[in-house]
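Here's the structure, in structure tokens; my notes come after.
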Amino acid sequence: MTDTIETLDRPSQKRPEPPKGGKWTRLIIGIALIVPAIWSAVGLDISIERLLGAPADMWNIVKQMFPPDLSYEQVFERTLPKVMESIYIAWIGTMIGAFFSFFLSFLAAKNISPAWLTFIVRNVFNAIRAFPELLLAFILLPITGLGAYTGTLAIGLHSIGTLGKLSSEAIEGIDAGPLEAIDSAGGRRTSVMRFGVFPQVLPTIVAYWLYRFEINLRVSAFLGVIGAGGVGAELVSQLRFRNFPAAGTVLLATIIVVLIIDTISSAIRRRIIAGKPGEEAPPEMFAEAGVAGL
């Protein structure tokens, strides 16, 4: 009864008016999205027939890959060594990126280094990230030649730019309280870094390293297409000779290994960030990392 009286005593509220110009805004946005898409499709010579027929063509190739070739020679002598080579490339490339980016990220953090130095280092990171791993591998091929060495350097260089950016942003987001306490107690610059900065940023940075390793593992798989080592070379070789069952073996082995490593790495990252097993890391933690990796 009381709720009814209170409701009757309230002044009548008008329904809010819809925003003006909403229809025109949606129409303009729709045109801005559709027109460039059609223009791009025409420029790439993509017809409706080819677009509609693509799923059927892909399914025909997939059907020829299964059942895969599970012979001893194909699995243990050809596929697994190349898969392991991709893992080696991704791991060493990640270590190169982690080592150099860790020190450079402190020079790029605005709350640690002077403005002129952060400007230079940040632009170096931007310049490195401007070149994708595939393009870096093309540039390095005349210098280092075909093989895993080229793929490792390409992944390592690109990881420096990505990890450096993410790590510097993590450093800028630290709590300034511990730093001020150490400084007011007479601590030196090294003490501030050792006891104030490192404990706050190291778990986040290590989690970024693991996340980058997952990305690099996928990248190393297709760098072999241009001869930069990895399982991609074996896949292209089998597809070139139309040996689809063997190509299916390569794809299946790659997918299984990537899923296993992703599961283990995700569990470690959750443990590092959340602090307790089974707890999820905050989703915004890797939002920026996901954009940078793609």
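Readers should treat all values here as calculations from the given coordinates under stated rules, not as data from a laboratory. As the structure is a prediction and not an experimental result, all values here were calculated from the model. As a convention, Cβ positions derive from the backbone with ideal geometry for all residues, glycine included, and neighbour counts pool all protein chains shown.
For the reader, a short list of remarks on this structure follows.
- If R0 is taken as 35 Å, the Cβ-Cβ distance between LEU117 and TYR88 corresponds to a FRET efficiency of 0.50.
- Order of ASP262, ASP69, ASP45 under a 10 Å beta carbon neighbour criterion, fewest first: ASP45, ASP262, ASP69
- When shorter helices are ignored and each DSSP H run of at least 4 residues is given -39500 (n - 2.57), the per-residue value for the chain at 222 nm works out to -24500 deg cm²/dmol.
- From the coordinates shown, volume of the Cα convex hull per residue in Å³ corresponds to which of (i) 314; (ii) 139; (iii) 149: (i)
- Across the stretch 18-63 the C-alpha pair distances fall into 10 Å bins from zero in the proportions 22, 28, 24, 17, 8, 1 percent.
- Within the stretch 103-195, trypsin sites (Lys or Arg not before Pro) in DSSP loop having at most 10 other beta-carbon neighbours inside 10 Å: ARG188
- Förster radius 25 Å - calculated FRET efficiency between PHE103 and ALA127, Cβ distance, rounded to 0.05: 0.90
- Extension reserve of the ALA176-GLN200 stretch, reckoned as 0.36 nm per residue once the Cα distance is removed: 7.6 nm
- Comparing GLU169, GLU133, GLU234 in a Gaussian network model of the chain, where Cα atoms under 10 Å apart are tied by springs, the biggest mean-square fluctuation is seen for GLU169.
- Rg and Dmax of the stretch 46-172, both derived from C-alpha coordinates alone, stand at 20.9, 60 Å.
- Span from the the stretch 167-204 Cα centroid across to the the stretch 64-91 one, whole angstrom: 46
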